[in-house]
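Peer 1: Just dropping this structure here.
The values are calculated or read from the model by the stated rules, or taken from the named source; none is laboratory data. Nothing here was measured: the structure is a model prediction, and the numbers come from that model. Here the Cβ is made from the backbone with ideal geometry for all residues, glycine too, and neighbour counts use every protein chain on show.
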Amino acid sequence: MKNTVVDISALCDNRGIQPPGTEGDYGFNIWSNTFPAEELPEPGSLVPVAGVPFEFPARPAPGGDNIRCRGQLVPVPPGDYDWLYLLGAAERRTEDQVLLHYRDGTVRAEWLRMSDFWPQTEARFGEPLAFRTSAMRYPRHTHPAHAPSIWQQRVPVTVPGEITAVRLPDNPAMHVFALTLGTDLEARRAS
């Protein structure tokens with residue numbers, strides 16, 4: 001598998017990972033819950049999840065550490081990809097469409113399904129667990145009995161062609177922390 005890690009930091013507009021002892025404009029969800037930063041990889045670090053490398057969370061950016069999906073267009077290095085991999089979580093389990101933009105102007109829809117971040121919730125759509133922290137931050141305290149999750153999603157590219165961008169769903173319950181595109185070289189050699 002050839003993987004292309006995509007820098008999404010310029011589009012990050014939500015601060016859902018909070019260092020200990022900090023205050024300010026944090027809030028993964030409407031109740032301002034956050035993931036404890038000390039239990040997740042360093043910002044901008046390259047981490048493997050289920051065999052796929054991700055830059056997680058996105059490089060430190062003034063807007064935040066994840067994209068709250070509102071239909072953003074994510075430019076990607078042009079390429080003939082087989083898979084779109086994301087690290088993300090939903091404020092409640094949800095599914096919506098991503099749009100793949102091809103060099104020839106074609107736009108094709110594929111389904112993105114994300115399980116809930118909420119503590120102790122299992123994968124609704126069978127995706128691998130990327131990270132589960134031992135606690136969840138609230139605006140005035142950290143609750144040690146809650147263990148929120150971030151998942152790895154995989155979206156197939158069902159129609160071959162050179163992809164130049166991905167439009168995320170207009171669904172603010174979905175959050176994307178990292179994006180990697182994959183090309184299955186072995187399957188291509190076999191066909």
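Peer 1: Would you be able to tell me the number of residues in the range 136-179 that are in a strand (DSSP E or B) and either of a type outside the set (V, I, T) or crowded, with 22+ Cβ neighbours inside 10 Å (or both)?
Peer 2: Initially, the range 136-179 is screened for residues in a strand (DSSP E or B), giving 136-137, 142-143, 149-156, 163-167, 170-179.
Then keep just the ones that are either of a type outside the set (V, I, T) or crowded, with 22+ Cβ neighbours inside 10 Å (or both); that gives 136-137, 143, 149-154, 156, 163, 165-167, 170-179.
Count: 24.
Peer 1: Tell me the residue from R68, R92, R59, R113 that is farther than 25 Å from E186 by Cα, within 14 Å of the chain's Cα centre (by Cα) and surrounded by fewer than 18 Cβ atoms within 10 Å (Cβ to Cβ), please. Outline the logic, then answer.
Peer 2: Details: R68 fails: surrounded by fewer than 18 Cβ atoms within 10 Å (Cβ to Cβ); R92 fails: within 14 Å of the chain's Cα centre (by Cα); R113 fails: surrounded by fewer than 18 Cβ atoms within 10 Å (Cβ to Cβ).
Every option except R59 fails the conditions.
Peer 1: Further question on the same structure: Among the residues that make up the range 2-9, is at least one of them touching a residue at least 12 places away in the same chain (Cβ under 8 Å), out of contact with any Phe, Trp or Tyr (no Cβ under 8 Å at 6 or more places or on another chain), among the hydrophobic types (A, V, I, L, M, F, W, C) and under 15 Å from I150 (Cβ atoms)?
Peer 2: yes
Peer 1: Next question. Run down P128, P144 and say which single residue is modelled with pLDDT under 95, closer than 21 Å to M1 by Cα and not aromatic (F, W, Y).
Peer 2: Numbers: P144 fails: closer than 21 Å to M1 by Cα.
Exactly one of P128, P144 is modelled with pLDDT under 95, closer than 21 Å to M1 by Cα and not aromatic (F, W, Y), namely P128.
Peer 1: Strands (runs of 3 or more DSSP E) wholly in the range 23-135 with at least 3 residues that are touching a residue at least 24 places away in the same chain (Cβ under 8 Å) and either out of contact with any strand residue (DSSP E or B) (no Cβ under 7 Å at 6 or more places or on another chain) or of a type outside the set (F, W, Y) (or both) - which ones?
Peer 2: Values: elements: 45-49, 52-56, 67-70, 73-79, 83-90, 94-102, 107-114, 129-132.
Here the list reads 52-56, 67-70, 73-79, 83-90, 94-102, 107-114.
Peer 1: Here's something else I'd like to know. Could you figure out which of (1) in a strand (DSSP E or B); (2) modelled with pLDDT under 95 isn't true of R189?
Peer 2: (1)
Peer 1: Here is a further query. Going through the range 59-80 one residue at a time, which ones are within 17 Å of M114 (Cβ to Cβ) and not basic (K, R)?
Peer 2: Step one: of the range 59-80, the residues within 17 Å of M114 (Cβ to Cβ) are 65-72, 74.
Of everything in the range 59-80, those that are within 17 Å of M114 (Cβ to Cβ) and not basic (K, R) turn out to be D65, N66, I67, C69, G71, Q72, V74.
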